[in-house]
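The values are calculated or read from the model by the stated rules, or taken from the named source; none is laboratory data. As the structure is a computational prediction, the values presented were derived from the model and not from experiment. All Cβ positions, even for glycine, are placed from backbone atoms using ideal geometry, and neighbour counts span all protein chains on display. All accessible areas refer to the heavy atoms of the entire protein, side chains included, with ligands and DNA or RNA removed. Shrake-Rupley method; radii C 1.70, N 1.55, O 1.52, S 1.80 Å.
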Amino acid sequence: MDRTQHVVLAGRDLCRSFQGLRAVDGMSLSLAQGELLGLIGPNGAGKTTMFNMLAGSLLPSSGQIEVMGTNVTTEGAEKRLGRGLGRTFQIPRPFARMTVLENVLCGAQKQCGESVFGAAFRIGASRRDEAQALEKARHIIDFLLLTHLIDQPASVLSGGQRKLLELARILMADPKVILLDEPAAGVNPSLLEQIMERITALNAQGVSILLIEHNMDMMARLCTRVVVMALGRELTQGTPGSVIGDPGVMQAYLGDTE
Ligand SMILES: Nc1ncnc2c1ncn2[C@@H]1O[C@H](COP(=O)(O)OP(=O)(O)OP(=O)(O)O)[C@@H](O)[C@H]1O
Ligand SMILES: [Mg+2]
């Protein structure tokens, strides 16, 4: 990465263990303004644990995290979202009985539950705020091509549509940086094209994106730089073409199948 570029997200020497297992073991990573960076590695390499620490849902046992140059290491996920850092989960869990629109509107709320949603929304926001949030939610739903499902309960959505719904919820907070954990996993090929195209469009609007993905074709098409993790550390990094052809990377993936 060009060091003169503005760094929007940085993790330095991050470590995190689970019952003695070093899931992330001294990993550093920087995302530049406007970059679309890929994070790959075999199952169990520590990618999601890294994401959880960067997003604030898991505290590192050591190391430091900066968002737009501010040290946020001890801040929680909600505070980091307020700073412009949003993330999606590897397994999306929308409120199943709520509609797509209601789920997206939840992104505008500090807290949201299926039963308390209506009351919380009406009490917590003025009518004008409510109308603005509604307009914004509809705009985001259009942008993510979910308009035909807007009044459907989230339970009827396919895996790929749930991933788009989760992204829609995050976009309500106007994030400047988005962490996407396996947006293509379990998604059918036509929806996959849509998701890739939407990720590119968001990036073109200036949103910096860090993407975990096992789909190498997707990585090659979207990312200019890819970081490879194995055993909780950075194994190597480079262009998608260079890391895919790297014998060390191949060995790390082969070791995974043993
Ligand atoms: N909450 C947890 N408790 C115990 N062990 C965990 C926990 N979260 C992750 N681990 C372990 O930490 C290691 C790294 O897991 P992580 O989910 O970060 O990997 P990953 O690279 O995202 O893998 P995948 O590609 O399968 O999603 C794994 O050995 C995993 O079993
Ligand atoms: Mg993972």
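Of the accessible area of the chain, computed with a 1.4 Å probe over protein heavy atoms only, carbon and sulfur atoms account for 52 percent.
Taking θ as phi - 60° and the Karplus parameters 6.51, -1.76 and 1.60, the scalar couplings of the range 196-213 work out to 4, 5, 5, 5, 4, 5, 4, 5, 5, 7, x, 6, 7, 10, 10, 10, 9, 7 Hz in sequence order, x denoting glycine and proline.
Taking all protein chains into account, the per residue accessible area for the chain stands at 48 Å² (1.4 Å probe).
State to the nearest 20 debye the size of the charge dipole of the chain about its Cα centre, where the only charges are +1 on K and R beta carbons and -1 on D and E beta carbons. Numbers along the way, then the final one.
Working: 25 positive and 26 negative charges, 135 e Å.
The calculated dipole for the chain is roughly 640 debye.
The tail of the calculated P(r) for the range 143-258 beyond 23 Å holds 37 percent of all Cα-Cα pairs.
Each of VAL228, GLY76, VAL156 was placed along the dipole of the chain (beta-carbon charges, centred on the mean Cα), and the one lying farthest toward the positive end is GLY76. In terms of its Cα atoms, the chain spans 56, 40, 39 Å along the principal axes, sorted from long to short.
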